[in-house]
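K.L.:
The structure is given below, and queries will be raised subsequently.
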Amino acid sequence: MNDSITDVNGLLVGHAQNREAGTGCTVLIVEKGAIAGVDVRGGAPGTRETDLLDPVNMVQKIHGIYLSGGSAFGLEGAGGVMRFLEERGIGFEAGPVKVPIVTGAVIFDLNIGNPSIRPDYQMGYQACLNASNNRVAEGSIGAGTGATVGKYYGISNCMKGGIGSASIVSGNLVVGALAVVNSFGDIVNPETGKIIAGTLDDKKEQFIDTNRLLTDNTLPRGNPFIQNTTLGVIATNARLSKAEAKRLSMSAHDGFARCILPSHTIYDGDTIFSLATGEVEANFNQLNA
């Protein structure tokens, strides 16, 4: 076990990025397929194939999740993921072909590096080639390459965001998490309420406390609201239905709300996916906790 989402058996994670351009993508692959759910809470999401995760729809399992920078342009990279999986005979049986089921979402990072270079087909494919069950590399890598946090005063007073992962093991049950943090709001320690990253004052010496300024009706500078979105994936080896997987994604948003102030704004595209590989029985309330 390596305290990472890849502690869930059968899950592979890979990154690819262009550091000069300041963007990248991250792929989660489940070759055997997994029950999946999604919950979108932000008001400005950029997503792919999320409707098929609705419990009322036919397809039961997905084979990959694609997370990317580049805003809506970055969705192109999911095509590279599909090609990678198709070449390996992985997908939904559809007559003469197998169609890989790849869902995903993007963050806005076009204000970092070169906005004319975005994650594309080749980068998505490369992320798959890099995928493994090793501990997930964290920080300014993959979809977190261009992520920033705390943009109340615009990009000049923000701090670097990124990608991170962790896991919890309880008996035979494994629950892993991965997050791409690119929020408008500040990041706080939920146990203390202390801001640990976010919008800095003009001297870059202390935090301004975004939530307090909003409630005091202090207007932000420029239009910082277009530059955000935090993405998450919860993975478990538990056995879940599609409806339960969606409920798990809904519960996980409580974590965003505890750690990002404010979260789920009309200008964020905050989205959380969930994956269940179905290896063990588990108490659903325990999973939510």
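K.L.:
Does region 223-266 hold any residues that are in contact with a Phe, Trp or Tyr (Cβ under 7 Å, 6 or more places away or on another chain) and among the aromatic types (F, W, Y), and which are they?
P.N.:
Selection gives F225 alone.
K.L.:
Which is free of Cβ contacts under 8 Å to residues at least 60 places away in the same chain and of a type in the set (A, V, I, L, M), of V56, V27? Steps first, answer last, please.
P.N.:
Working: V27 fails: free of Cβ contacts under 8 Å to residues at least 60 places away in the same chain.
One residue alone meets the criteria, V56.
K.L.:
Moving on. Could you run through region 13-53 and say how many residues are of a type outside the set (G, A, S), under 19 Å from F73 (Cα atoms) and touching a His at 6+ places or on another chain (Cβ under 6 Å)?
P.N.:
The number of residues fulfilling the criteria is 1.
K.L.:
Which condition number does A245 fail, the rest of (1) in contact with a Lys or Arg (Cβ under 9 Å, 6 or more places away or on another chain); (2) open to solvent by less than 20 Å² (accessible area, probe 1.4 Å); (3) in a helix (DSSP H, G or I) being met?
P.N.:
Exception for A245: condition (1).
K.L.:
Still on this structure: Which residue is surrounded by the most Cβ atoms within 10 Å (Cβ to Cβ), if the candidates are limited to region 32-42 and must be more than 13 Å from the chain's Cα centre (by Cα) and aliphatic (A, V, I, L, M)?
P.N.:
My answer is A36.
K.L.:
For residues that are open to solvent by 20 Å² or more (accessible area, probe 1.4 Å) and either part of a loop (DSSP other than H, G, I, E, B) or in contact with a Leu (Cβ under 6 Å, 6 or more places away or on another chain) (or both), tally how many sit in region 263-277.
P.N.:
From region 263-277, those open to solvent by 20 Å² or more (accessible area, probe 1.4 Å) are 263-267, 277; that's our starting set.
Filter once more, so that each one left must be either part of a loop (DSSP other than H, G, I, E, B) or in contact with a Leu (Cβ under 6 Å, 6 or more places away or on another chain) (or both): 263-267.
Selection size over region 263-277: 5.
K.L.:
Inspect region 60-69 for any residue being in a loop (DSSP other than H, G, I, E, B), open to solvent by 50 Å² or more (accessible area, probe 1.4 Å), at pLDDT below 95 and under 22 Å from G278 (Cβ atoms) and give the result as yes or no. Give the steps one after another, and end with the answer.
P.N.:
Keep residues of region 60-69 that are in a loop (DSSP other than H, G, I, E, B), which gives 60, 69.
Now narrow it down to the ones that are open to solvent by 50 Å² or more (accessible area, probe 1.4 Å): 60.
Narrowing the set further to residues that are at pLDDT below 95 leaves 60.
Of the ones still in play, those that are also under 22 Å from G278 (Cβ atoms) are 60.
Yes, there is a match, as at least one residue in region 60-69 is in a loop (DSSP other than H, G, I, E, B), open to solvent by 50 Å² or more (accessible area, probe 1.4 Å), at pLDDT below 95 and under 22 Å from G278 (Cβ atoms).
K.L.:
Determine if region 52-59 includes at least one residue that is of a type outside the set (S, T, Y) and over 22 Å from K246 (Cβ atoms).
P.N.:
First, the residues of region 52-59 that are of a type outside the set (S, T, Y): 52-59.
Next, from what is left, pick out any that are over 22 Å from K246 (Cβ atoms): none.
For region 52-59, residues of a type outside the set (S, T, Y) and over 22 Å from K246 (Cβ atoms): absent.
K.L.:
On to the next question. Take the residues in region 278-289 that are assigned to a helix (DSSP H, G or I) and in contact (Cβ under 8 Å) with a residue 24 or more places away in the chain; name whichever of them is least open to solvent (accessible area, probe 1.4 Å).
P.N.:
Residues of region 278-289 assigned to a helix (DSSP H, G or I): 284-288.
In the following step, the residues that additionally are in contact (Cβ under 8 Å) with a residue 24 or more places away in the chain were identified as 284, 286-288.
Details: F284: 46, Q286: 86, L287: 12, N288: 50 Å².
Among those that are assigned to a helix (DSSP H, G or I) and in contact (Cβ under 8 Å) with a residue 24 or more places away in the chain, it is L287.
K.L.:
Related question: With respect to A72, is the statement that it is open to solvent by 10 Å² or more (accessible area, probe 1.4 Å), of a type in the set (G, A, S) and either part of a helix (DSSP H, G or I) or touching a strand residue (DSSP E or B) at 6+ places or on another chain (Cβ under 9 Å) (or both) true? If you could, list the steps in order and put the result at the bottom.
P.N.:
Details: open to solvent by 10 Å² or more (accessible area, probe 1.4 Å): yes; of a type in the set (G, A, S): yes; either part of a helix (DSSP H, G or I) or touching a strand residue (DSSP E or B) at 6+ places or on another chain (Cβ under 9 Å) (or both): yes.
Judged against the criteria, A72 is a match.
K.L.:
Scan region 43-69 for residues that are over 13 Å from the mean Cα position of the chain (by Cα) and farther than 27 Å from A94 by Cβ and jot them down. Can you show your working first?
P.N.:
Pass one, region 43-69, residues over 13 Å from the mean Cα position of the chain (by Cα): 43-44, 49-63.
Correct list: G43, A44.
K.L.:
Go through region 122-158 and give me each residue that's open to solvent by 40 Å² or more (accessible area, probe 1.4 Å) and modelled with pLDDT of 95 or more. Break it down into steps so the answer makes sense when it comes.
P.N.:
Taking region 122-158 first, the residues open to solvent by 40 Å² or more (accessible area, probe 1.4 Å) are 122, 125-126, 129-130, 133-135, 137-138, 140, 153, 155-156.
Once the filter is applied, which keeps residues that are open to solvent by 40 Å² or more (accessible area, probe 1.4 Å) and modelled with pLDDT of 95 or more, region 122-158 yields Q122, Y125, Q126, L129, N130, N133, N134, R135, A137, E138, S140.
K.L.:
Continuing with this model, one more query. Only one of P45, P55 is assigned to a loop (DSSP other than H, G, I, E, B), closer than 18 Å to G269 by Cα and open to solvent by 20 Å² or more (accessible area, probe 1.4 Å); which?
P.N.:
Numbers: P55 fails: closer than 18 Å to G269 by Cα.
So the residue among P45, P55 that is assigned to a loop (DSSP other than H, G, I, E, B), closer than 18 Å to G269 by Cα and open to solvent by 20 Å² or more (accessible area, probe 1.4 Å) is P45.
K.L.:
Here are some conditions: (1) closer than 23 Å to G176 by Cα; (2) of a type in the set (G, A, S); (3) surrounded by 19 or more Cβ atoms within 10 Å (Cβ to Cβ). G198 meets all but one. Which one does it not meet?
P.N.:
Condition (1) is where G198 drops out.
K.L.:
Right, N189: under 19 Å from D109 (Cβ atoms), touching a helix residue (DSSP H, G or I) at 6+ places or on another chain (Cβ under 9 Å) and not basic (K, R) or not?
P.N.:
Values: under 19 Å from D109 (Cβ atoms): no; touching a helix residue (DSSP H, G or I) at 6+ places or on another chain (Cβ under 9 Å): yes; not basic (K, R): yes.
No.
K.L.:
Here are the criteria: (1) surrounded by fewer than 18 Cβ atoms within 10 Å (Cβ to Cβ); (2) modelled with pLDDT under 95. Tell me which single one A166 does not satisfy.
P.N.:
Here A166 meets the rest and fails (2).
K.L.:
Pick from T236, T215, T192: which is of a type in the set (S, T, Y) and buried (at least 24 other Cβ atoms within 10 Å of the Cβ)? Walk me through it before giving the result.
P.N.:
Numbers: T215 fails: buried (at least 24 other Cβ atoms within 10 Å of the Cβ); T192 fails: buried (at least 24 other Cβ atoms within 10 Å of the Cβ).
After applying the criteria, what remains is T236.
The values are calculated or read from the model by the stated rules, or taken from the named source; none is laboratory data. Quick caveat: nothing in here was measured; it's all calculated off a predicted structure. As a convention, Cβ positions derive from the backbone with ideal geometry for all residues, glycine included, and neighbour counts pool all protein chains shown. Quick note on the areas: whole protein, heavy atoms, side chains included, nothing else; ligands and nucleic acids left out. Shrake-Rupley method; radii C 1.70, N 1.55, O 1.52, S 1.80 Å.
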